[in-house]
Amino acid sequence: MAVYRRTSRPRFTLLLLVLTAITLLTLDERSNGLGIVDGARDGAQDLFAPVKSAADSVFRPVTDFFDGALHYGQVTAENDRLREQLAERESAMLQAADAAREREALLDLAGLDFVGDIPTVAARVVMTPASGFDLTLSIDRGRDAGVARGMPVVSGGGLVGQVIDVSRTRSTVRLLTDASSNVGVRLATTGETGVAAGRGAGSTLRMDLVDPVTKVDKGETVVTSGLQNSVYPPGIPVGKVVAATTATGALQQDVTIEPTVDLPRVTFVKVLQWSPAR
Amino acid sequence: MTSRVRLSLVLLVALTLHQSLFVTLRVDDAHPQVMLLVAVVGGLLAGAERGALIGFAAGLLADLFVQTPLGLSALTFALVGFVVGSLQAGIVHTAWWIGPVTALLASFAGVVLYGVLGAIIGQAHFVSPRLLLVAAGAGVMNAVLALPVVRAMSWALDSRPAGAYAR
């Protein structure tokens, strides 16, 4: 009997833990962003926020060092690219007056002045994706700053994602590359609309529903469509076309988009206080 | 200080380090999974039952700070802690390299299990060709971190001399 107890108790404990975990998974699935599960997450994040801020300050030199070491090639390439950009900008400034007028006109025409008069909340990214399965960012603004679920999030380059969870002082943003992300988009040149779907970490976006006869050029800008009931306002840059192919007999093109924002390295964002009901 | 208080302290420190430091040490989407490592070492030092309990607690803490289904990490880490704890009975407890090697293998298996369980509950995108790369990366990084974690957990559990696995 004693032997039986020794061998069965760990299994019984494991069974209880598995059942508890399954209950939590079910509650999470059924709560759909509301209820006790999200309340627990929000509470934990609020409670942990001061500790994390302090730890971030302590570890920033270490993380910066490793970031530089682990991405040395990328940093060097980025440095070269920035130098090149700086030289281009200096050159462009010499042609300022006419070029600026022309650029403004083009931007207006293409609808790329994407923020417009929409109120915004500036925020700092405090946590990059915590696992390869979870393409979300945490930002240091929450309900207290006027952030709400569903609000679009942008950075200087364009669309970053959408707020999916808000606590008092923090918000979670689902990146547009997340496999569950779908964004209504249009090609800036032709106006052809479609849906840009995420494909997971390190991946590009796939634009669906593009007619096979539509001419899609490499490098073409893709912006949010803002069609009725869209969760994003129109004209936010999403990415650039890197490839467009049509398989024989296919009903749509296979269009691949690279996000305009360097999502893994974004540090500051703006939350657009916008909802489809506006 | 009781073992439970020390264990809670170790879990909180591990969570803080994970959130502030280890998630940034990313190589091609792989980074150390220190909460999973705590589960692995818990099983290694404390056996199947406590390993499962420690894994569940570590996983639940981790779940609170990601947007993946709540309970998925708890379930995975509890299973990993239990399996490691069940297997550790047959291990000679004096070799220093047992901690890193166990961390390497169990972390790899844990990340793969997480992806598979996620796919089973509807997160189909968790399973991709990249999963094995991410799991391998996490396994290697966890192996590097295994010795200090074994020391910390030995102190927390007060069940085994720190030098048994970590010299």
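Every read-out reported here was derived from the displayed coordinates using simple, explicitly stated rules and does not represent laboratory data. Since the model is a prediction, treat every value here as computed from it, not as a measurement. Don't worry about glycine lacking a Cβ; one is built from the backbone with ideal geometry, like all the others, and counts go over all protein chains shown.
Backbone geometry of region B:110-123 corresponds, through the Karplus equation with coefficients 6.51, -1.76 and 1.60 at θ = phi - 60°, to 3J(HN,Hα) couplings of x, 5, 5, 4, 4, x, 5, 4, x, 5, 5, 8, x, 9 Hz, x marking Gly and Pro. A full extension of the chain between A:R89 and A:A69 corresponds to an added length of 4.3 nm, given 0.36 nm per residue minus the alpha carbon distance. Against chain B, whose longest principal axis is taken from its Cα atoms, helix B:3-20 shows a tilt of about 40°. By the rule of a C-alpha distance below 17 Å, with chain neighbours fewer than 8 residues away ignored, the aspartates and glutamates paired with A:K240 are A:D113, A:E192, A:D208, A:D217, A:E220, A:D254, A:E258, A:D262. Taking other C-beta atoms within 10 Å as the exposure proxy, A:D56, A:D217 rank A:D217, A:D56 from fewest upward.
For chain B, the longest principal axis of the C-alpha atoms and the axis of helix B:34-63 are separated by about 40°. Taken as Cα centroids, region A:25-93 and region B:8-28 sit 14 Å apart, rounded to the nearest whole angstrom. Of the residues B:F82, B:S8, B:A57, the one whose Cα sits farthest towards the positive end of the charge dipole of chain B is B:S8 (charges of +1 on Lys and Arg Cβ, -1 on Asp and Glu Cβ, taken about the Cα centre). Farthest towards the positive end of the charge dipole of region A:153-276, among the residues A:V266, A:S225, A:T189, is the Cα of A:V266, using unit charges on the Cβ of Lys, Arg, Asp and Glu. The order of A:D117, A:D211, A:D140, going from fewest to most other C-beta atoms within 10 Å of their C-beta, is A:D117, A:D211, A:D140. Farthest toward the positive end of the dipole of the protein assembly as shown, out of B:T102, B:Q19, A:G239, is the Cα of B:T102, where the dipole comes from beta carbon charges about the Cα centre.
Sorting A:K218, A:K52 by the number of Cβ atoms found within 10 Å of their own Cβ, with the fewest placed first, yields A:K218, A:K52.
What's the longest bit of chain B with no exposed chymotrypsin sites (Phe, Trp or Tyr not before Pro), using DSSP loop states and at most 15 other Cβ atoms within 10 Å as the test?
Values: sites that count: B:W96, B:W97.
Answer - B:1-95.
Taking a straight line from the alpha carbon of A:K52, these lysines sit under 26 Å away, with near neighbours fewer than eight places off in the same chain left out: A:K270.
If R0 is 41 Å, the Cβ-Cβ spacing of A:L251 and B:L9 corresponds to a FRET efficiency of close to 0.10.
What is the dipole size for region B:3-164, taken about its Cα centre, with +1 at each Lys and Arg Cβ and -1 at each Asp and Glu Cβ, in debye to the nearest 20? Before the final figure, lay out each step's value.
Working: 7 positive and 5 negative charges, 50 e Å.
Around 240 debye, computed over region B:3-164.
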